[in-house]
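Let me begin by presenting the structure, written as C-alpha cells, before commenting on it.
Every number in this text was worked out from the coordinates using simple rules, so none of it is lab data. Treat the numbers as computed from the prediction; the structure is a model and nothing was measured. Note that each Cβ is placed from the backbone with ideal geometry, even for glycine, and that neighbours are counted across all protein chains shown.
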Amino acid sequence: QVQLVESGGGLVQAGGSLRLSCSASGTIFNIDVMGWYRQAPGKQRELVAVIPSGHSANYADSVKGRFTISRDNAKNTVFLQMNSLKPEDTAVYYCNAQIRTYSYSSSRNYWGQGTQVTVSS
C-alpha cells in the first residue's frame, strides 16, 4: 500500500510564492518519476512539472521560469516551489508518482488527494 500526502497549498496574492510538498509512504522499492499536475474548475488536469529519477525536470511552458520542482530521494518527497504566482495558476494541485513496490514489479501510478492553490488578483 502506497500513499501520497500533500501539503502547502493556500491563498496568496498575485506575485507571491507558495511551496508544495508531497511525501510518499508505504512499500516502496523505487520511485521512478515524481511530479505535479493541476486542475482548474471546468478544465482538464494538466501537467505542471515532472522529475524522473536521475534526470532533469520538465515543465509546462506556462510555469517555466517561475516554478521549480525538486526531490529528496532519501525522504521520498517532491517539492514544487511556485514564485511569481498568477491568478491563472489557481487550481487543485495533485502530486503524482510512478512507484515500484518491489524490485521485480513494474511501476504503478499513484495520486495524492490534491491541495488547493488560490491566487488572488
Pairs where the first residue, in segment 74-90, is surrounded by 13 or more Cβ atoms within 10 Å (Cβ to Cβ) and the second is part of a helix (DSSP H, G or I), C-beta under 9 Å, 6+ apart: 82/89
Scan of segment 57-75 for residues that are of a type in the set (Phe, Trp, Tyr) and over 25 Å from residue 5 (Cβ atoms), ordered by number: none
Test: residue in segment 15-26 that is crowded, with 16+ Cβ neighbours inside 10 Å and touching a helix residue (DSSP H, G or I) at 6+ places or on another chain (Cβ under 7 Å): yes
Test: residue 49 is surrounded by 13 or more Cβ atoms within 10 Å (Cβ to Cβ), in contact with a strand residue (DSSP E or B) (Cβ under 8 Å, 6 or more places away or on another chain), free of Cβ contacts under 8 Å to residues at least 60 places away in the same chain and closer than 21 Å to residue 118 by Cβ: yes
Residues of segment 97-121 satisfying the condition of being within 30 Å of residue 13 (Cβ to Cβ) and part of a strand (DSSP E or B): 111, 115, 116, 117, 118, 119, 120
So residue 35, is it touching a residue at least 60 places away in the same chain (Cβ under 8 Å), of a type in the set (Gly, Ala, Ser), surrounded by 14 or more Cβ atoms within 10 Å (Cβ to Cβ) and closer than 18 Å to residue 60 by Cβ: yes
Test: residue in segment 102-117 that is over 19 Å from residue 24 (Cα atoms) and surrounded by fewer than 11 Cβ atoms within 10 Å (Cβ to Cβ): yes
Selected residue (only one of 56, 84 is of a type outside the set (A, V, I, L, M), on the phi < 0 side of the Ramachandran plot and in a loop (DSSP other than H, G, I, E, B)): 56
